[in-house]
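The next block holds one structure in the form of structure tokens; read it before the comments.
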Amino acid sequence: MPQDHIISAKHLSRADIESVLDRAAEIAADPEAVADRHAGQLLGMLFFEPSTRTKMSFSAAMKRLGGDIVDMGPVDQSSVKKGESLADTVRVVEGYADALVMRHPLEGSAKMASEFVDVPLINAGDGAGQHPTQTLLDLYTIRESAGFSDLTVGIMGDLKYGRTVHSLAHALTTFDAQQHFVSPESLKLPRGVRYDLHEAGASMREHTELEEVLDSLDVLYVTRIQAERFPDEDEYRKVAGEYQIDAETLAAAKDDLVVMHPLPRVDEIAPDVDETDHARYFEQAHNGVPVRMALLDLILEGNL
Amino acid sequence: MPQDHIISAKHLSRADIESVLDRAAEIAADPEAVADRHAGQLLGMLFFEPSTRTKMSFSAAMKRLGGDIVDMGPVDQSSVKKGESLADTVRVVEGYADALVMRHPLEGSAKMASEFVDVPLINAGDGAGQHPTQTLLDLYTIRESAGFSDLTVGIMGDLKYGRTVHSLAHALTTFDAQQHFVSPESLKLPRGVRYDLHEAGASMREHTELEEVLDSLDVLYVTRIQAERFPDEDEYRKVAGEYQIDAETLAAAKDDLVVMHPLPRVDEIAPDVDETDHARYFEQAHNGVPVRMALLDLILEGNL
Amino acid sequence: MPQDHIISAKHLSRADIESVLDRAAEIAADPEAVADRHAGQLLGMLFFEPSTRTKMSFSAAMKRLGGDIVDMGPVDQSSVKKGESLADTVRVVEGYADALVMRHPLEGSAKMASEFVDVPLINAGDGAGQHPTQTLLDLYTIRESAGFSDLTVGIMGDLKYGRTVHSLAHALTTFDAQQHFVSPESLKLPRGVRYDLHEAGASMREHTELEEVLDSLDVLYVTRIQAERFPDEDEYRKVAGEYQIDAETLAAAKDDLVVMHPLPRVDEIAPDVDETDHARYFEQAHNGVPVRMALLDLILEGNL
């Protein structure tokens, strides 16, 4: 039975995505039912780059399934320092585990690594490339809180560099969502991404002001605008300030607007939003556990 | 059922402390009885500051109860580096675990963090603030080796900055112990601590020489005098040397004197003391496991 | 029952080694049979020096036996930084675990540490000293792939500084193998090692060219030649280049020659060897799991 690697959300069909989300919902409704399901199985963790929430969340997911992890530890502690190639490292580590999760700073590294191993490999972020489980947990959060039917989503912030945003936009296109992209001129969707979305039949518009679309949105997905994208601090402060939201901003939104953020946030969402019913970003982070449990379960069983 | 956080030993009543120590004694006597008690439960580890013994001991405790841990890892590897607030970090991580243990360099951080989470949070040290499980394992060691009845305790070393000492002195006051504080003039108990102990009805005296009280002690609790408290190296060497003990020093003590130390030690206790029956500091460190098992068990069951 | 420490392969008799290899073969054939065998037991991990494969492999081994680990974490995070002695550290940590695995940069440190603890301690490498589980997994790989009967082994590369090589040569002497040592003049076996092997009755010869012996070998064990052993980069490149092998080199070898390497490799074995049937170095690394499972099982049961 050939094992499937999970490298990119784009390679997952709508049916694949739905089977992960359905399984996640089942698991969230009755976690006890899977508490011993993968007892004795090990997930190898290869984080060549720091991560808090992704790593902890995969770790919790595997353990909630009754399994356990074996962790390579930080790179400065590893034999990678001795000049070992990525291909060699993954071929050694696959002997210690039943599946691998890998984060690596280089785009394309997950695909390359997956070609050397027989156990399933999940990409947990490869530089500016893909991070498919983030997309899956975003979709799960949207489905659970707003549903996919007749859905209008606003995506705001850094749309040029944010990898989570491009994957999410592709997946939302599959689910026929109406999409509004809100960003400063200098951080608009890259031309290639826009073209691909159009080709895929996306229903989409671009904006520079949130006010233009806020009252039509079911979901507002906010991302961080990073200072290092700007030539100077003043320019950054000016632009970033226009894409921050607070409870007052949201007064103009639908009552059941769902506000999401991949976290960590800095100033993009003011703390007073946390107290509102709109805030779903912590729930979104917590959804990483059932979604990753579902993915691990399906992969370890060869059902994806 | 509201979950209790464990922030400070001062907030634990004598009854609370006794229920932890009783449970620890039960567990130490029959660890097999609890080996599966918390199977499937996860303890989130948030160590914003290095720790060896506290972290390993909590980890061992949770695993000896059949549970497991999810570890944030070192801070330089975490999203804290990306500027995330402590309040956000704990609200994310609580979704991965059934309880949290946190160490943080800032005094008051554990209390603040606990106000943002619904799962129980245990303070494993917040800077110069509190470290309640250290106090509990100290008390357990004293109870098991000397008993609380008609107890005389000497506490020696750095009484000014040592957080473990202040918590311990407060708890011993609750148990009606006679306390002798032995330190150089420059490292005496802070005025505020002394005042609070008097108010709480402590039976206490201060000394600059161990010889004045050694032969009356049931327990001698030694702490480290740190070089960085002194203006120069010579001054440090001179003072520290007067508060070191060795087997010869202890010849003047009761036969059943119990010598304790929170560890790590440097020169405060000479290696020749290790061979004597007085030495209980390794046993004290080992007691961290049953005491933390007891605390975790009571908290996860909502019994504290 | 006195617990045995595993400090050096030299202290293991041929019967000891065979009982580990036999147990490893049993476990590899039926891992399910031991999946819960050490449930509830903890292995303390003390890595004072970085390690990827050894640490992950011990971790996987303990978990495949149903047990778990407690990890000290990296040294810069530990109380070793506060000046604690190794003897104190191990005496504290033994209270958290049922057995210890230790790697430390100083030769002799494992022996010293083992004298302070009551639980079994396994040396996972002490500087230029011993690394007995590497030797055991090397022997297991040789036995499973070539067998010990009428065996001819070539050991090539840095024979002067490589600790794995000296232990392996001693063990192979016990199993009556014919040994050929191939290295540049400047990296020959140290005089003391050569003398000891002769005394132990080794059947051995030394060479500077692989071609002299390649066609007689059943096993070729390649090790890395490190740049830092040479006065300048040019000298290193010239020498190292002569001890690299590729698929073409191996055309002159027996069809069933087994090529091994302790990994990580850099340039010693070209990637085109990976595709040949000779390559066993990844399998060798994977064998670390059943071999360490066998050793842990025998030690925890007091059967070694």
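If you go through region C:67-79 and keep only what is on the phi < 0 side of the Ramachandran plot and either of a type outside the set (A, V, I, L, M) or open to solvent by less than 20 Å² (accessible area, probe 1.4 Å) (or both), you end up with C:Gly67, C:Asp68, C:Val70, C:Asp71, C:Met72, C:Pro74, C:Asp76, C:Gln77, C:Ser78, C:Ser79.
One line per residue, one yes/no per condition, for (1) of a type outside the set (Asp, Glu); (2) over 21 Å from C:Arg163 (Cα atoms):
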position	(1), (2)
C:Asp196	no, no
C:Glu212	no, yes
C:Gln226	yes, no
C:Asp234	no, yes
C:Arg237	yes, yes
C:Thr249	yes, yes
C:Ile269	yes, no
C:Tyr281	yes, no
C:Arg292	yes, no
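Being assigned to a strand (DSSP E or B) and out of contact with any Leu (no Cβ under 9 Å at 6 or more places or on another chain) is a property that does not hold for B:Arg194.
In a strand (DSSP E or B) and either at pLDDT below 95 or open to solvent by less than 20 Å² (accessible area, probe 1.4 Å) (or both): does that describe B:Leu296? It is false that B:Leu296 is in a strand (DSSP E or B) and either at pLDDT below 95 or open to solvent by less than 20 Å² (accessible area, probe 1.4 Å) (or both). Checking the structure you have, find out if any residue of region A:265-272 is away from chain B (no Cβ under 12 Å), open to solvent by 30 Å² or more (accessible area, probe 1.4 Å) and not aliphatic (A, V, I, L, M). Looking through region A:265-272, at least one residue is away from chain B (no Cβ under 12 Å), open to solvent by 30 Å² or more (accessible area, probe 1.4 Å) and not aliphatic (A, V, I, L, M).
In region A:183-193, what residues are in contact (Cβ under 8 Å) with a residue 12 or more places away in the chain and open to solvent by 20 Å² or more (accessible area, probe 1.4 Å)?
As a first pass, look at region A:183-193 and keep what is in contact (Cβ under 8 Å) with a residue 12 or more places away in the chain: A:183-190, A:193.
Matches in region A:183-193: A:Glu185, A:Ser186, A:Lys188, A:Pro190, A:Val193.
Would you be able to say whether some residue in region C:254-261 is within 13 Å of chain A (Cβ to nearest Cβ) and either surrounded by 21 or more Cβ atoms within 10 Å (Cβ to Cβ) or part of a helix (DSSP H, G or I) (or both)? Yes: one or more hits.
Residues that are more than 9 Å from chain A (Cβ to nearest Cβ) and among the acidic types (Asp, Glu) within region B:27-85 comprise B:Asp30, B:Glu32, B:Asp36, B:Glu49, listed in sequence order. Residue under question is B:Asp88, and the condition is that it be within 13 Å of chain A (Cβ to nearest Cβ), more than 22 Å from the chain's Cα centre (by Cα) and over 17 Å from B:His5 (Cα atoms); does it hold? Yes. The residue that is most open to solvent (accessible area, probe 1.4 Å), among those in region B:203-244 that are part of a helix (DSSP H, G or I) and at pLDDT 95 or above, is B:Glu211.
Inside region A:26-66, residues that are over 21 Å from the mean Cα position of the chain (by Cα) and open to solvent by 10 Å² or more (accessible area, probe 1.4 Å) make up a count of 12.
Identify, from the list A:Gly108, A:Gly154, A:Gly147, the residue that is open to solvent by less than 30 Å² (accessible area, probe 1.4 Å) and at positive phi. Full working, then the answer.
Numbers: A:Gly108 fails: open to solvent by less than 30 Å² (accessible area, probe 1.4 Å); A:Gly154 fails: at positive phi.
Of the residues listed, the single one that is open to solvent by less than 30 Å² (accessible area, probe 1.4 Å) and at positive phi is A:Gly147.
Residue pairs whose Cβ atoms lie under 9 Å apart, separated by 6 or more positions or on different chains, with the first residue in region C:36-62 and on the phi > 0 side of the Ramachandran plot and the second among the aliphatic types (A, V, I, L, M) and open to solvent by 10 Å² or more (accessible area, probe 1.4 Å), are C:Gly40/B:Ala35.
Taking the conditions exactly as written (open to solvent by less than 10 Å² (accessible area, probe 1.4 Å) and under 28 Å from A:His166 (Cα atoms)), does A:Val20 satisfy them or not? It is true that A:Val20 is open to solvent by less than 10 Å² (accessible area, probe 1.4 Å) and under 28 Å from A:His166 (Cα atoms).
Mind listing just one residue for me: the one in region B:273-293 that is outside any loop (DSSP other than H, G, I, E, B) and not hydrophobic (A, V, I, L, M, F, W, C) and, of those, surrounded by the fewest Cβ atoms within 10 Å (Cβ to Cβ)? Among residues in region B:273-293 that are outside any loop (DSSP other than H, G, I, E, B) and not hydrophobic (A, V, I, L, M, F, W, C), the one surrounded by the fewest Cβ atoms within 10 Å (Cβ to Cβ) is B:Glu283.
Provide a single number: the residues in region B:273-298 that are within 11 Å of another protein chain (Cβ to nearest Cβ) and of a type outside the set (Lys, Arg). Show your work before the answer.
Residues of region B:273-298 that are within 11 Å of another protein chain (Cβ to nearest Cβ), as a first pass: B:274, B:279, B:281-290, B:292.
Pick out the ones that are also of a type outside the set (Lys, Arg) and you get B:274, B:279, B:281-290.
Final tally of qualifying residues: 12.
Quick one: how many residues across region C:157-170 are at pLDDT 90 or above, in a helix (DSSP H, G or I) and either more than 15 Å from C:Ser203 (Cα to Cα) or open to solvent by 10 Å² or more (accessible area, probe 1.4 Å) (or both)? The number of residues fulfilling the criteria is 4.
The values are calculated or read from the model by the stated rules, or taken from the named source; none is laboratory data. If you're wondering where the values come from, they're calculated on a predicted model, not measured in any experiment. Ideal geometry is used to build each Cβ from the backbone, glycine not excepted, and the neighbour counts take in all protein chains shown. These area figures cover heavy atoms from the full protein model, side chains too; ligands, DNA and RNA do not enter into them. Shrake-Rupley method; radii C 1.70, N 1.55, O 1.52, S 1.80 Å.
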